[in-house]
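**Q** Provided herewith is a single structure, encoded as structure tokens, for subsequent inquiry.
The values are calculated or read from the model by the stated rules, or taken from the named source; none is laboratory data. Remember, predicted model here, so these are calculated numbers, not experimental data. Here the Cβ positions follow ideal geometry from the backbone for every residue, glycine too, while neighbour counts run over all protein chains shown.
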Amino acid sequence: MSGFPQPFSGKVALVTGAAGNIGLATANRLATMGADLVLLDLDPEKLEQARAALGEHDVRIHVHTCDVADSAQVHEVIDRVAAETGQIDFLFNNAGYQGAFAPVQDYPEADFTRVMHINVCGAFHVLKHVSRHMVARRYGRIVNTASMAGVQGPPNMAAYGASKFAIIGLTEVAAKDLAPYNIRVNAISPAFMGPGMMWDRQVALQARAGSQYFSSNPDEVARQMIGSIPMRRYGNIEEIPGVVAFLFGDDSSYMTGVNLPISGGI
Ligand SMILES: NC(=O)c1ccc[n+]([C@@H]2O[C@H](COP(=O)([O-])OP(=O)(O)OC[C@H]3O[C@@H](n4cnc5c(N)ncnc54)[C@H](O)[C@@H]3O)[C@@H](O)[C@H]2O)c1
């Protein structure tokens with residue numbers, strides 16, 4: 001049992017991409033605050049590891065393997081979750097895929113389609129089917145994971161940038177459609193996150209893709225990226241969950257349709 005106050009005790013939080021970096025860190029924070037968890041991810045093995053990592057919390061944890069890009073599967077899993085838990089109070093709509101890094105004229109079309117299917121159609125499927133249950137209960141809090149790539153299009157990321165602009169649009173529309181039902185819909189937009197693979201991968205891929213904006217030397221790309229951030233450092237994964245918890249909680253009770261950057265000032 002956590003020594004922290006548990007304002008989310010009695011709530012059920014559904015997290016997609018729950019086996020990944022941001023999903024797992026956020027699930028951990030929500031459990032610390034007392035929420036029961038429903039973890040959805042494409043990867044069953046990582047999902048079981050996530051369940052084990054969260055095992056210290058005295059909350060109920062349900063796990064479901066689900067491909068968010070498959071609308072029929074999402075419909076079936078969400079209905080099963082609602083029957084199992086009786087309620088879905090919070091949705092962290094977070095599963096995502098970054099896609100290839102290449103200039104738009106060379107961008108692989110198959111990858112563009114894949115990114116759109118996961119990031120845009122997937123987020124829509126989950127939002128649609130979860131919100132049907134929330135509408136019935138006249139209660140819900142939804143946070144979509146966008147990105148600063150959906151605020152300022154970065155070079156070499158045509159699919160990802162377009163998909164995250166779409167998430168911010170989807171957030172604004174859903175906030176309007178669902179406001180009459182006491183459902184708030186907001187987005188978060190992380191920028192450069194680290195440490196480890198998450199940071200190293202961005203740097204390596206931008207260096208390899210090549211552009212007039214970044215060097216082809218990864219060490220120099222790292223300096224260029226840090227130099228573009230007013231706070232002059234990348235964000236830590238642990239700087240995200242508290243923002244999601246704020247958007248789920250009562251301290252943000254008059255906020256909907258908002259996109260909050262978590263970006264060190266970019
Ligand atoms: N890490 C960053 O720097 C950063 C910055 C801005 C935004 N984001 C966004 O944050 C979210 C989480 O990213 P992360 O950094 O934790 O990445 P991650 O790769 O660690 O986690 C993503 C998770 O989503 C799951 N997933 C992928 N496709 C899926 C599908 N079709 N159905 C269900 N699950 C699927 C993966 O299995 C993985 O567990 C993504 O939407 C990403 O675009 C990340």
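Let's see how each residue does on (1) free of Cβ contacts under 8 Å to residues at least 12 places away in the same chain; (2) farther than 17 Å from Val135 by Cα; (3) surrounded by 15 or more Cβ atoms within 10 Å (Cβ to Cβ); (4) not assigned by TED's automatic domain parsing to the domain that holds Leu91:
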| residue | (1), (2), (3), (4) |
| --- | --- |
| Gln152 | no, yes, no, no |
| Asn156 | no, yes, yes, no |
| Tyr160 | no, yes, yes, no |
| Lys164 | no, yes, yes, no |
| Ile168 | no, yes, yes, no |
| Ala175 | no, no, yes, no |
| Pro180 | yes, no, no, no |
| Ile183 | no, no, yes, no |
| Ala187 | no, yes, yes, no |
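**Q** Taking the stated definitions as given, is Val15 surrounded by fewer than 23 Cβ atoms within 10 Å (Cβ to Cβ) and touching a strand residue (DSSP E or B) at 6+ places or on another chain (Cβ under 6 Å)?
**A** For Val15, the condition - surrounded by fewer than 23 Cβ atoms within 10 Å (Cβ to Cβ) and touching a strand residue (DSSP E or B) at 6+ places or on another chain (Cβ under 6 Å) - is not met.
Residues checked against (1) on the phi > 0 side of the Ramachandran plot; (2) of a type in the set (A, V, I, L, M, F, W, C); (3) near the ligand (Cβ under 9 Å from one of its atoms):
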| residue | (1), (2), (3) |
| --- | --- |
| Gly86 | yes, no, no |
| Phe90 | no, yes, no |
| Asn93 | no, no, yes |
| Phe112 | no, yes, no |
| Val120 | no, yes, no |
| Arg141 | no, no, no |
| Ala149 | no, yes, yes |
| Asn156 | yes, no, no |
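Residues checked against (1) more than 23 Å from the chain's Cα centre (by Cα); (2) surrounded by 17 or more Cβ atoms within 10 Å (Cβ to Cβ):
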site: Met193; (1), (2): no, yes
site: Asp200; (1), (2): no, no
site: Ala207; (1), (2): yes, yes
site: Gln212; (1), (2): yes, no
site: Ala222; (1), (2): yes, yes
site: Val244; (1), (2): no, yes
site: Leu247; (1), (2): no, yes
site: Leu260; (1), (2): no, yes
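**Q** On to the next question. Just checking, which of Ala204, Ala209, Ala187 is within 15 Å of the ligand (Cβ to nearest atom) and more than 30 Å from Ala175 (Cβ to Cβ)?
**A** Details: Ala209 fails: within 15 Å of the ligand (Cβ to nearest atom); Ala187 fails: more than 30 Å from Ala175 (Cβ to Cβ).
The conditions single out Ala204.
**Q** Right, next: With respect to the numbered conditions (1) more than 16 Å from the ligand (Cβ to nearest atom); (2) assigned by TED's automatic domain parsing to the domain that holds Arg184; (3) touching a helix residue (DSSP H, G or I) at 6+ places or on another chain (Cβ under 9 Å), which one is the sole condition not fulfilled by Pro7?
**A** (2)
**Q** Take segment 37-63 and flag every residue that is surrounded by 21 or more Cβ atoms within 10 Å (Cβ to Cβ) and not in a helix (DSSP H, G or I).
**A** Matches in segment 37-63: Leu37, Val38, Leu39, Leu40, Asp41, Val59.
**Q** Applying the selection to segment 75-87, what residues are of a type in the set (A, V, I, L, M), in contact with a helix residue (DSSP H, G or I) (Cβ under 7 Å, 6 or more places away or on another chain) and surrounded by fewer than 24 Cβ atoms within 10 Å (Cβ to Cβ)?
**A** Result: Ala82, single match.
**Q** Quick check: anything in segment 53-64 aliphatic (A, V, I, L, M), farther than 25 Å from Met193 by Cα, out of contact with any Pro (no Cβ under 7 Å at 6 or more places or on another chain) and within 15 Å of the ligand (Cβ to nearest atom)? Show your work before the answer.
**A** First, the residues of segment 53-64 that are aliphatic (A, V, I, L, M): 53-54, 59, 61, 63.
Checking which are farther than 25 Å from Met193 by Cα leaves us with 59, 61, 63.
Within this subset, residues satisfying the condition of being out of contact with any Pro (no Cβ under 7 Å at 6 or more places or on another chain) are 59, 61, 63.
Next, from what is left, pick out any that are within 15 Å of the ligand (Cβ to nearest atom): 63.
Yes, segment 53-64 contains a residue that is aliphatic (A, V, I, L, M), farther than 25 Å from Met193 by Cα, out of contact with any Pro (no Cβ under 7 Å at 6 or more places or on another chain) and within 15 Å of the ligand (Cβ to nearest atom).
**Q** Only one of (1) without any contact (Cβ under 8 Å) to a residue 40 or more places away in the chain; (2) of a type outside the set (S, T, N, Q); (3) within 11 Å of the ligand (Cβ to nearest atom) fails for Ile262. Which number is that?
**A** (1)
**Q** Out of the helices (runs of 4 or more DSSP H) lying entirely within segment 182-266, which hold 3 or more residues that are closer than 16 Å to Leu91 by Cα?
**A** 241-248
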